[in-house]
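Asker: One structure, as structure tokens, below. Some questions next.
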Amino acid sequence: PFKQRTNRTASSHGTTISIPDEGNEKRNKGDIREGIEGCIGNTPLIKIKSLSEATGCEILAKAEFLNGAGNSPKDRVALNIIELAEKECRLVPHSGDTVYEGTVGSTGISLAAICRARGYKAHICMPDDMAREKSDLLLKLGAEVERVRPAPIVDQKQFVNLARTRAEEHTADLNRPGRGLFADQFETEANWRAHFAGTGPEIYNQTGGHLDAFISGAGTGGTISGVALFLKQKLPNVKIVLADPPGSGLYNRVKFGVMFDSKEREGTRRRHQVDTVVEGIGINRVTNNFEAGRELVDDAIRVTDEQAIAMARWLVEQDGIFVGSSSAVNCVAAVKLAEQLGPGHRIVTLLCDSGARHLSKFWANTEPIGGKTDVTLAQILGS
Ligand code: PMP
């Protein structure tokens, strides 16, 4: 019966009755999405009331955890990578083709969900120190998961290198059906272009073009570059700021043009050796996606783990917003930027994923939240 949308008549007990047109019209006017792909993008822009009140700036956050496939901004990227590969006939549904990716989690989860919906297999390589929830979720989505020891990028067993190798092995093996596609989120243009075409224009439209700054962490750099390339074209004076966790070289890349500050000996503190509970952002190498927009990034702000954990608690206590580590880093940095800019400015950032994906790591040592605590933003920034 659902297929007969255009039928205007139907037979009931031998009598032909007419079906009023408005029934069909109503159905067609409804807000129905075409599968999970239809639930990607157009995420709400939320005013974070507590932070806005406390800073005197309007702090707005794009609720990217509401993307409906893998529940993070990586849905946009994964869909763009897959659709581009289909257009170029590098992927054919239900032919045994497998998508391979090296990811700390979010991109893998988005790819795994979209692969399920489109008849591909997903094979995900990830570091084994990421929150267990992410690999558990990948397995439930039917992805094959390889968890490997964190290693520097020069090591062939490093998770991104391993994913590339696995894709090559698949394609070379004539006994295996289909081909291997290496999604390559760190280097492919399809990453920043997804944000250039989606996240950036959405922020511009949702704010009516009225914003003073955009601030975000970078994992591949796709988000900050894509949004920066779009926004700066429309609003040359908008400030683009990077939020960076401990152990990442991007802060120095933005501030001084080099990855490592010789004084800090940052180069010896590889990201994978730094004991941080923040996942998904911060890198110690140059990627095409970060470089695509790097010259448009005006400044960088460091955020400690302690600040991020305290902010995550604050957001639950004050606003009922339960987020993961990179979102908390973004919010700390947004508050620091508000302090720098002074009251009356409008700052946009991103809430990347839910705290549910970080229970066993980022949220692990946090006391249950009772009533409101007396922690102030000044104390959070001081921690
Ligand atoms: N937040 C989370 C949770 C992520 O997994 C990532 C990407 N790894 C980012 C933020 C950063 O996004 P991008 O790769 O576009 O820089």
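Read-outs: derived from the displayed coordinates by stated rules, not from any lab. This one's a predicted model, so the numbers in the text were calculated from it and none came from an experiment. All Cβ positions, glycine included, derive from the backbone under ideal geometry; neighbour counts span all protein chains shown.
Asker: Can you tell me, using C-alpha contacts under 8 Å and at least 6 residues apart, the relative contact order of the stretch 26-86 as a whole percent?
Answerer: Relative CO of the stretch 26-86 lands at 29 percent.
Asker: Counting Lys and Arg as +1 and Asp and Glu as -1, each charge on the Cβ, what is the dipole of the chain about the Cα centre in debye, to the nearest 20?
Answerer: The dipole magnitude comes to about 520 debye.
Asker: Please give the net charge around T366, taking every other residue with its beta carbon less than 14 angstrom from that of T366, where Lys and Arg add +1 and Asp and Glu add -1.
Answerer: Computed value for this residue: -2.
Asker: If R0 is 25 Å, what FRET efficiency do you get for C89 and I32 from their C-beta distance, rounded to 0.05?
Answerer: 0.25
Asker: Let me check against my output: what whole-number percent is the relative contact order of the chain, with C-alpha pairs under 8 Å and at least 6 apart?
Answerer: It comes to 17 percent, rounded to a whole number.
Asker: Okay, moving on. Per residue and in Å³, how big is the convex hull formed by the alpha-carbon atoms of the stretch 111-250?
Answerer: That works out to 146 Å³ per residue.
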